[in-house]
Amino acid sequence: MSAKFVLHPEDLSVVVASNLNADILSDLGSALAGSLGLAASANLNPDRRFPSMFEPVHGSAPDIAGRGLANPIGAIGSAALMLDHFGLADEATRVREAIEATTASGLLTPDVGGTATTDQIVEAVLANL
């Protein structure tokens, strides 16, 4: 699957895997997209007997904590996945469109070649909502 991610990522839209394998593949996929900070994720419980979990792929990044360098796009995108899961498709679409408008404007964090801070990205996404 790792080779497929690298050689033919256009063939993939959803990958279902065990936690360990999905963790490795989600890191690889987000790195291929440009940054771990971009990738949202959802661990879904399809029968809804137990909670599902929504989080950015990148984890806590203690090496950059408190410095305004973290890319919040993955966390905000995870919220959109949660809204979808709750049946709030219109709201999820609005969040995704706000992310797209923000990144299309050229406002980017350092991990993807920009100079914006974490707070500046969050403020721009909120303004685009």
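The values are calculated or read from the model by the stated rules, or taken from the named source; none is laboratory data. Since this is a predicted model, take the numbers as computed values, not measurements. Cβ sites come from the backbone with ideal geometry, for glycine too, and all protein chains shown count toward neighbours. Remember, those area values only see protein heavy atoms, side chains included, never the ligands or the DNA or RNA. Shrake-Rupley method; radii C 1.70, N 1.55, O 1.52, S 1.80 Å.
Remarks
- Carbon plus sulfur fraction of accessible area for the chain, probe 1.4 Å, in percent: 59 percent
- Over 11 Å [Cα-Cα, region 85-129], rounded percent: 64 percent
- Under the convention that each Lys and Arg Cβ holds +1 and each Asp and Glu Cβ holds -1, the size of the dipole of the chain around its Cα centre is about 160 debye.
- Per residue, the solvent-accessible area of region 1-115 (1.4 Å probe, heavy atoms of protein chains only, all protein chains present) comes to 63 Å².
- Charge dipole (the chain, unit charges on Cβ, about Cα centre) - positive-most of 30, 128, 20: 20
- Principal semi-axes in Å for the chain [√(5λ), Cα gyration tensor, largest first]: 23, 19, 14
- Using the Cβ of residue 36 as centre and a radius below 10 Å, the other residues enclosed give a net charge of -2, where K and R count +1 and D and E count -1.
- Taking amide hydrogens as placed 1.01 Å from N in the peptide plane, the amide H of residue 69 sits under 5 Å from those of 118, each at least 5 positions away in sequence or on another chain.
- Inter-site label distance for residue 112 and residue 55 at 7 Å from Cα along Cβ, in nm: 2.2 nm
- The local environment of residue 71, defined by Cβ-Cβ distances under 13 Å, has a net charge of -1 under the rule Lys, Arg +1 and Asp, Glu -1.
- Net +/- balance of residues flanking residue 84 in space, Cβ distance below 12 Å, scoring K and R +1, D and E -1: 0
- Two-site label geometry, residue 65 and residue 105: point separation in nm, points 7 Å out along Cα→Cβ: 3.0 nm
- Extension gain (nm, one decimal) between residue 10 and residue 42, 0.36 nm per residue minus Cα-Cα: 9.5 nm
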